[in-house]
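Enquirer: Would you mind keeping the following structure in view while I ask a few things?
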Amino acid sequence: MGLIVLSNREPYAPTRNDNGELQWTPSIGGLTAALDPALQHAGGTWIAWGEQHPDVTDVDLPTEQPRYRLKRIRLSDAEVRDYYYGFSNRALWPISHYFIERTQYHASAWRAYVNVNRRFADAAIAAYQDGDLIWVHDYQLALVPRMIRDALPNARIGFFWHIPWPSVEVFRTLPWDLDILDGILGADLIGMHTPDYVAHFQNTCRRALRADTSGDLVHWKGRAARIVDRPIGIEVDAYEHLATSPEVEDTADRIRRTLQTQILLGVDRLDYTKGIPERLEAFDLFLDRHPETRGRVTLLQIAVPSRERVDSYRQLRNQVEGLVGRINGKHTQGGWSPIQYIYRGVPRDELVAHYRAADAMLVTPLRDGLNLVAKEFAACARDGALILSRFAGAADEMPEAIQVNPYSPENLSDAMRTALQMPLDEKKARLTRLREHLRDSDLHAWTDTFLHELKLQDHGGA
Ligand code: ADP
Ligand code: G6P
């Protein structure tokens, strides 16, 4: 029995070096950060969009020690524009994060979404052998479970929705709401990060689709799909090991020596859901309210470019750059600038060194499916405090974090002060408890549990 995984984003992006050889660099984002180790653990076939060098079709990854086969789907420029930038990231992404005003519902984008979902489904159907488990991921591929189900009625199909599931009132603004629900309900087992998302999804099925639900089942088209909350974990041991390696410790010490101040850290894709402008404004307020901290605290924001062909993302980039300039212009004195802004992705070891160097981590999304950065920080921190938005899915699991409302600059500014003044024993005690939980529900447990439940699921009776 094999495993077939489908996602839009591929785990590694190829580039050619000067000798013309392909090099594979890890993609940045929560989905691939979780699924790559999961597939390395379980083995199998991973079907994804081959963005760069689409002429390369199949490859065994990771290149040094292959554990699974990546099958790369080639998309045309028009498909990328309408399916990826269009329907996925101008319709489903904003509506699921409650940004209705940023949505654009275009029928042409919807048609491209249907066609590309069909291409992914066909690739899975072609790769399928009797007894395989098929696991489809995320909002870009919501129609795929139904498309595979129609061709392979007895296949075991799992689906994981990695972003929030919004309230039915919001979801129903989507003109293709019923198609998306019907698509997902082609799966036997559907996973989401929190009980709230599951409750919203069930409610959406009842209200929009008029489907019956009982317990964790949704009855639809003569079948029963089971819907469960199963938040993703991280590879705690691997992060702890890296965090305490001499090289990472040295880099962390160097970061602290260079800045010579306390460090507030932000690490995000540059996405409007992450609350970066709100965080910067709150830091400005913090400096106004606590002038004695000037010269003694630095906000280090590392933001990796994301989805730059979508207007909302370009506007955000300008907004963030403007705010960094304004706040630095206002407070800079005697060789100290309050905000250090890094506009790129950094390699894993450098990222972990930053987690290790930080006095406090700012994870303050306006809305986030889960947020792995919060978990990575908790696994790696030396003795830092975690400030976490109540609107991140991970907040349910992390009561020891300082939880905040990112819409309130006063609340965020107070949390910064609390974090920077927290006694060492308290920070350490909180981190210990956070790590115990991370350990109990790590990434491999997530993968094994989901696949085990999928295998056992009785998909017959509705
Ligand atoms: P999302 O899924 O929305 O991208 P998550 O916080 O769940 O958000 O996951 C983001 C992943 O990408 C994490 O594994 C994090 O380490 C990584 N990441 C985010 N920003 C950066 C960055 N600037 N440089 C390197 N890695 C980053
Ligand atoms: C979130 C989504 C993923 C996506 C990632 C990065 O984690 O849930 O599906 O892969 O963001 O975004 P991108 O558009 O670059 O794949």
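Enquirer: FRET efficiency for R254 and L456, Cβ-Cβ distance as r, R0 = 45 Å, nearest 0.05?
Expert: About 0.35, to the nearest 0.05.
Enquirer: Give the Debye-formula value of log10 I(q)/I(0) at each listed q (0.12 Å⁻¹), with one equal scatterer per alpha carbon of the stretch 239-379, two decimals each.
Expert: Relative scattering, expressed as log10 I(q)/I(0), comes to -0.49.
Enquirer: Shifting gears a bit: Per residue, how much space in cubic angstrom lies within the convex hull of the C-alpha atoms of the stretch 1-157?
Expert: Working: hull volume 18.6 nm³, N = 157.
Considering the Cα atoms of the stretch 1-157, their hull volume per residue is 118 Å³.
Enquirer: With every protein chain left in place, what is the accessible area of W93 in Å² (1.4 Å probe, nearest 10)?
Expert: Rounded to the nearest 10, the figure is 20 Å².
Enquirer: Under 19 Å between alpha carbons, and skipping anything fewer than 8 positions from K274 in its own chain: which lysines qualify?
Expert: By straight Cα distance, K274 reaches K375.
Enquirer: Using a Förster distance of 30 angstrom, determine the FRET efficiency expected from the C-beta separation of N318 and R118, and round it to 0.05.
Expert: For N318 and R118, the calculated efficiency is 0.25.
Enquirer: Then there is this: Quick check: with the 1.4 Å probe, what order do R314, R119, R296 take by accessible area, largest first? Mind showing how you got there, number by number?
Expert: Details: R314 115, R119 85, R296 150 Å².
So, going from the largest accessible area down, we get R296, R314, R119.
Enquirer: While we're looking at this one, here's another question. What distance in nm lies between label points placed 7 Å from Cα along the C-beta direction at E436 and S214?
Expert: So the two model labels end up 4.0 nm from each other.
Enquirer: With the cut-off at 1.5 for a/c, could you classify the stretch 399-450 from its C-alpha gyration tensor as rounded, prolate or oblate? Walk me through the numbers before you get to the answer.
Expert: Details: a/c = 5.30, a/b = 1.74, b/c = 3.04.
It comes out oblate by the Cα gyration axes.
Enquirer: For the chain, taking Cα atoms only, what is the radius of gyration to one decimal and the Dmax to the nearest whole Å?
Expert: Rg and Dmax of the chain, Cα atoms, are 22.3, 72 Å.
Enquirer: Straight distance only, please: which aspartates and glutamates reach the Cα of K71 with their own Cα at less than 20 Å, same-chain residues fewer than 8 apart left out?
Expert: E10, E21, D36, E51, D55, D58, D60, E79, D122, D130, D132, D138
Enquirer: Check V404: other-chain or 5+ apart residues with amide H under 5 Å from its amide H, H built from backbone geometry?
Expert: Residues meeting the amide H criterion: L388, S389, R390.
Enquirer: Moving to a separate point now. Sorted by mean Cβ packing within 10 Å, highest first, what order do the peptides 283-293, 350-360, 23-33, 372-382 take?
Expert: Details: 283-293: 16.0, 350-360: 23.4, 23-33: 17.5, 372-382: 26.0.
By packing density, highest mean first, the sequence is 372-382, 350-360, 23-33, 283-293.
The values are calculated or read from the model by the stated rules, or taken from the named source; none is laboratory data. If you're wondering where the values come from, they're calculated on a predicted model, not measured in any experiment. Because the Cβ atoms are built from the backbone with ideal geometry, glycine has one as well, and the counts that use them run over all protein chains shown. These accessible areas exclude ligands, DNA and RNA; they are computed on the full protein's heavy atoms, side chains included. Shrake-Rupley method; radii C 1.70, N 1.55, O 1.52, S 1.80 Å.
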